[in-house]
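First the structure, in the form of structure tokens, and then the observations on it.
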Amino acid sequence: MTEVMGRRERKKAQTRKALADAALKLFTERGFDNVGVRDVAEEADVAVTTLFKHFPSKEALVFDDDADEEARLVAAVRDREPGQSVLDALHDYLQRGQAALSDQASEFADFMQLVNSTPALQEYMHRMWRRHETALAAAIAEATGAPEGDIRVAALARFVIEAGSLVNGYKDPELALREVFDLLENGWEAGSS
């Protein structure tokens, strides 16, 4: 039974990846607004109903890693090494992400060009990151024992979520990320002149 479930899950993952890859290819070539979900389904050789079993909307096709990204953010806090601070765990997580992005700089630039040129994708991305921020804040509160609604937890989650996009334009994003986390850990006065 486990083998059957494993095979079924692999097929689902393959179909999901085929849909996301087809969507990104078509959206990049023709523009998001010039491609319909039927075009994506045909490119991936699946039915439109299959597409909607995997993705709730056309915009979700572009952000196919949405749920996994949120799970990884939360896991960075919940599964951190014993004795490692929440802030250090999140810094390590974002630093690994920056390293991965530098390996895929050209693809990431194309992806961001697509998102930045499409208002619907910008709005979807904004809502997605706010959902991740809420989940991250809950994980931080749980890990630190902070009371519900603690503004410091909400602020830390917001700053961490924004840190990744903030440092992308810098010549050395990893150094910029260290500086952001130094500010978060030590405050403005410690590092200012």
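Inspect the range 7-17 for any residue being open to solvent by less than 40 Å² (accessible area, probe 1.4 Å) and either of a type in the set (A, V, I, L, M, F, W, C) or over 30 Å from Thr134 (Cβ atoms) (or both) and give the result as yes or no. No, every residue in the range 7-17 fails to be open to solvent by less than 40 Å² (accessible area, probe 1.4 Å) and either of a type in the set (A, V, I, L, M, F, W, C) or over 30 Å from Thr134 (Cβ atoms) (or both). Being touching a residue at least 40 places away in the same chain (Cβ under 8 Å), farther than 24 Å from Ala163 by Cβ and part of a helix (DSSP H, G or I) holds for only one residue in Leu24, Leu90, Leu51, and it is Leu24.
Quick one: in the range 93-103, of everything that is without any contact (Cβ under 8 Å) to a residue 60 or more places away in the chain and not basic (Lys, Arg), which residue is farthest from Ala163 (Cα to Cα)?
Start the filter on the range 93-103 by keeping residues that are without any contact (Cβ under 8 Å) to a residue 60 or more places away in the chain, which leaves 93, 96, 100, 103.
Narrowing further to those that are not basic (Lys, Arg): 93, 100, 103.
Numbers: Tyr93: 12, Ala100: 16, Asp103: 19 Å.
Top of the filtered list is Asp103.
Glu174: of a type in the set (Asp, Glu), open to solvent by 50 Å² or more (accessible area, probe 1.4 Å), assigned to a helix (DSSP H, G or I) and in contact (Cβ under 8 Å) with a residue 12 or more places away in the chain, yes or no? Reasoning before the result, please.
Working: of a type in the set (Asp, Glu): yes; open to solvent by 50 Å² or more (accessible area, probe 1.4 Å): yes; assigned to a helix (DSSP H, G or I): yes; in contact (Cβ under 8 Å) with a residue 12 or more places away in the chain: yes.
Taking the combined requirement at face value, the residue satisfies it.
On the given criteria, is Ala120 of a type outside the set (D, E, K, R), more than 22 Å from Asp21 (Cβ to Cβ) and either loosely packed, with under 15 Cβ neighbours inside 10 Å or in contact with a strand residue (DSSP E or B) (Cβ under 7 Å, 6 or more places away or on another chain) (or both)? The answer is no for Ala120. I'd like to know if the range 153-160 contains one or more residues that are part of a helix (DSSP H, G or I), at negative phi, touching a Pro at 6+ places or on another chain (Cβ under 8 Å) and in contact (Cβ under 8 Å) with a residue 24 or more places away in the chain. Within the range 153-160, not a single residue is part of a helix (DSSP H, G or I), at negative phi, touching a Pro at 6+ places or on another chain (Cβ under 8 Å) and in contact (Cβ under 8 Å) with a residue 24 or more places away in the chain. The lone criterion from (1) touching a Leu at 6+ places or on another chain (Cβ under 6 Å); (2) open to solvent by 20 Å² or more (accessible area, probe 1.4 Å) left unmet by Val160 is number (2).
Tallying residues that are over 11 Å from His91 (Cα atoms) and exposed (fewer than 15 other Cβ atoms within 10 Å of the Cβ) within the range 177-193 yields 8.
Residues of the range 27-48 that are assigned to a helix (DSSP H, G or I), of a type in the set (Val, Ile, Thr) and farther than 13 Å from Ser117 by Cβ: Val37, Val40, Val48. Taking the range 54-72 as the range and being assigned to a helix (DSSP H, G or I), in contact with an Asp or Glu (Cβ under 9 Å, 6 or more places away or on another chain) and touching a residue at least 60 places away in the same chain (Cβ under 8 Å) as the test, the residues that pass are Glu59, Ala60.
Per-residue answers, yes or no, for (1) open to solvent by 60 Å² or more (accessible area, probe 1.4 Å); (2) closer than 30 Å to Glu185 by Cβ; (3) touching a Pro at 6+ places or on another chain (Cβ under 7 Å):
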site	(1), (2), (3)
Lys25	yes, no, no
Val37	no, no, no
Ala47	no, no, no
Ser57	no, no, no
His91	no, yes, no
Phe111	no, no, no
Met125	no, yes, no
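If the condition is being open to solvent by 50 Å² or more (accessible area, probe 1.4 Å) and either assigned to a helix (DSSP H, G or I) or hydroxyl-bearing (Ser, Thr, Tyr) (or both), then the range 73-84 contributes only Arg78.
The values are calculated or read from the model by the stated rules, or taken from the named source; none is laboratory data. It should be emphasised that the depicted structure is a prediction, and the values quoted were computed from it without experimental measurement. FYI the Cβ positions are ideal-geometry reconstructions off the backbone, even for glycines, and counts take in every protein chain you see. Remember, those area values only see protein heavy atoms, side chains included, never the ligands or the DNA or RNA. Shrake-Rupley method; radii C 1.70, N 1.55, O 1.52, S 1.80 Å.
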